[in-house]
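Chemist: First, the structure itself, so that you have it in front of you.
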């Protein structure tokens, strides 16, 4: 084995001082302190922490660093730390570790943890199974409340929590109900769980999409939801902190995907990885940009005679692109929040066209007026005005139809949608403006 | 009074059928059923519901509709419904009602509710005070655990909850500690709260910003945080469902503000309000677009001789704008998530410049090559290549410096940042491209 078990790097006095302060700090704060250190220094810091604390700190580090730590730390230490993590956090941390290394780690783990984590790793990352934890309290329906309370007392994970979810299952571990907190506090302890439980308990399927689940939490203000498999067996628990992570992740993803980013890039992503992420969509953007250039080239003769037309192009392009982005942003976000249901997009389209017409008239008249005052040529002013108006309507339509179309094709509605919308507004805007200008020139024999 | 107390509109058979189904539905689902009806129909639907159910349904409706309902419903009904709401939801619903109407409603409410809501309405919407609820359980430190349990039993609001937060206060209602669930379940009931409580309880100040609070919840995985005022008096409670709303709201706001939207627009916003929201920033965009046009006009003579240059403008503009938007999106999102701390922006800037250089070389060479192959003019190909490279670096710098600059000025870093960045990339890109082309033309005496 190539592990550097003996190589304990020297710790700088600076770092040593940092480490001494860790005793009184929250794991999250320790994580923020060390997340910008070199890997060896992070390892040196973790070496000074108890297993449970180290587990909490690692959980709070960026996922990229977690992966690198689990690739490089001693196997013995890892097998001490992993069981101290919540199973969902452990599965996340191990999700990107190389298959051979993962195998090595799993083998060293206690059986129960190994099984939980292997289970969780099989579910898609963005499904209920991918975000749920295996830690939950389930009691058999034939137990009495005193036994249910005993189950809580034994459960160390809930030590610090102010929430409790005691689910009731039958002999096959199928979800039957849930015990309310006040049942456990105030009802006769000799009563059976099945006679006290609330039976209309909501649950999600283990393969349900995380975004759907987040919308459920938001809509019904749940603070946790049990997860069941095909046979209604209780397999896990999704809690509100998982959902907060999902909400942030999905919002980041939408924002990034609109401009052709991977959805998972952050400021800490190494620069060469960022280049690799961004280049493909810029290349596609390059193709669409040459389509726009080709449209302009159709009117090269006109521009050759009236170079002033080139000056208007950025105005048409910038305003059309921005108006399109405004509509697009509203639609992409509303789709993500579940605010646009099946057939409602037609109403959204009609509204946005009305908005586009109004903005088009206002901005079109302004563009025309300023152009006329600036260049003293009223014909091109009128042409710019009309092209701007129509372009605003095109922008509105593209802003609605691009994301709705992507969704219909079962693709993420945000995917590079901004690139597509700005291409549409440039193509339509430039074609209209240069086309109308060419017509006007021949009509007025300029 | 101008209320239409007698005018009970006829209910269509269609609606009557809908209403009959409400009995077995969750308030959220009823809200989704009726939120696209006319106001009179919504009122007719609410008339069929018990006060508590009506309160829950109203809470789940879009805020705009809540406002219109409270402006138009009978005062007597409102004064029955409002006390059934959580105080924070009631304050949200009443937040946009006209001052006179608000006065009328408050006067009709029971004293305690009136006071809670008046209190909450005084805090800024995006502060802890603006999102907290007044419903929480606080026991005096001299009480024993049996008395604390009795306080929970009496508290109807917690009826359905699986979470419980019992805070301990002194005689002046200053926050002293919190009781854990397991204290209430398993400790000797004769013990005093002050001897059992956990004393290191985190809290937020009533004027703390909601985005900061959301970051705290995320960082430390809280499920609720008590809110205190200047004298450490416990005044409210922020729960994870409030924070989920904040996360969604802030993400929506950032996405929208980047493209010059109000941050609060949705698909249900009436079209004329959308026009009013979007027009101001489009007008600012109009000014920046004319700045870009002016830069192009500096080279009108060059374009007059070589119209082919106009064809390259959209390529420079689209790619520079998109690269800038990519960097901008990463930075705005990281700022919102608290991932960039005080001095770290320099490191982000250096990284983005490296990314910009790499992308510039790749995209620049491609643009140069395709241009040369397409137009057969290698000089303009080289000029396009160099301009593209430098523009990518400018895009990277603008994408970092615009939001960081806005933040330094204590303005929302997202504010219209996309408009600014695309303006910068257009100005720099066009100036470089047309300037270099002019130099090349005179150097080669084309």
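No value in this document is a laboratory result; all are computed from the given coordinates. The model shown is predicted, which means the values in this text are computed figures rather than measured ones. Here the Cβ is made from the backbone with ideal geometry for all residues, glycine too, and neighbour counts use every protein chain on show.
Chemist: Would you mind ranking A:298, A:70, B:349 by Cβ crowding within 10 Å, fewest neighbours first?
Modeler: Values: A:298 14, A:70 22, B:349 18.
In order of increasing Cβ crowding within 10 Å: A:298, B:349, A:70.
Chemist: When a footprinting reagent is the concern and you count Cβ atoms within 10 Å, what order do B:26, B:272 take, fewest first? All intermediate terms of the calculation are to be shown ahead of the outcome.
Modeler: On the way: B:26 14, B:272 11.
Arranged by neighbour count, lowest to highest, B:26, B:272 become B:272, B:26.
Chemist: Please report how far the C-alpha centroid of the range B:215-291 lies from that of the range A:31-95, rounded to the nearest whole angstrom.
Modeler: The distance from the Cα centre of the range B:215-291 to that of the range A:31-95 comes to 34 Å.
Chemist: Just for the range A:137-238, what percent of DSSP beta bridges are antiparallel, to the closest 5?
Modeler: Values: 11 of 17 bridges.
Looking only at bridges with both residues in the range A:137-238, the antiparallel portion is about 65 percent.
Chemist: Okay, next question. Rule-of-thumb check for the range A:148-286: C-alpha Rg over 2.2 N^0.38 Å?
Modeler: Compared with the compact-globule rule of thumb, the range A:148-286 sits at 1.47.
Chemist: Once the label point is placed 7 Å from Cα along Cβ, list for residue A:435 the distances to the corresponding points in the other copies, in nm, shortest first.
Modeler: Nearest to farthest, the other copies are at 3.6 nm.
Chemist: With both bridge residues required to lie in chain B, what share of the DSSP beta bridges run antiparallel, to the nearest 5%?
Modeler: On the way: 14 of 20 bridges.
Of the beta bridges lying entirely in chain B, close to 70 percent run antiparallel.
Chemist: Per residue and in cubic angstrom, what volume does the convex hull of the Cα atoms of chain B have? Could the numbers behind the result be given before it?
Modeler: On the way: hull volume 92.3 nm³, N = 446.
Per-residue hull volume (Cα only) is 207 Å³.
Chemist: If we sort A:224-232, B:186-194, B:258-266, B:413-421 on the protection proxy, mean other Cβ atoms within 10 Å, highest first, what's the order? Mind dumping the intermediate values first?
Modeler: Values: A:224-232: 18.2, B:186-194: 14.3, B:258-266: 21.2, B:413-421: 25.4.
Final packing ranking: B:413-421, B:258-266, A:224-232, B:186-194.
Chemist: So how tilted is helix A:308-336 from the main axis of chain A? Cα-based, degrees 0 to 90, rounded to 10.
Modeler: Around 30 degrees separate the two axes.
Chemist: At q = 0.05, 0.08, 0.09 Å⁻¹, what is the log10 ratio I(q)/I(0) for the protein assembly as shown, with the Debye formula run over Cα points and no solvent?
Modeler: Cα-only, vacuum Debye calculation for the protein assembly as shown: -0.34, -0.84, -1.03.
Chemist: Could you run the Debye sum over the Cα atoms of the range B:13-122, one equal point scatterer each and no solvent, and tell me log10 of I(q)/I(0) at q = 0.09, 0.15, 0.18 Å⁻¹, two decimals?
Modeler: Scattering profile of the range B:13-122, log10 relative to I(0): -0.21, -0.58, -0.83.
Chemist: Here's another thing I want to ask about it. Taking every DSSP beta bridge that has both residues in the protein assembly as shown, what percent is antiparallel when rounded to the nearest 5? Show your work: numbers first, answer last.
Modeler: Details: 29 of 41 bridges.
Roughly 70 percent of the DSSP beta bridges within the protein assembly as shown come out antiparallel.
Chemist: Between copies, how far does the label point of residue B:25 sit from its twins, in nm, shortest first, when each point is 7 Å from Cα along Cα→Cβ?
Modeler: For residue B:25, the inter-copy label distances come out at 5.2 nm.
Chemist: Which distances, in nm and shortest first, link the residue A:200 label point to the same label point in every other copy, taking 7 Å along Cα→Cβ?
Modeler: With the label placed 7 Å along Cα→Cβ, residue A:200 yields 4.3 nm.
Chemist: On a C-alpha basis, how far is the centre of the range B:350-384 from the centre of the range A:335-410 in Å? Whole number, if you could?
Modeler: So the two Cα centres are separated by 32 Å.
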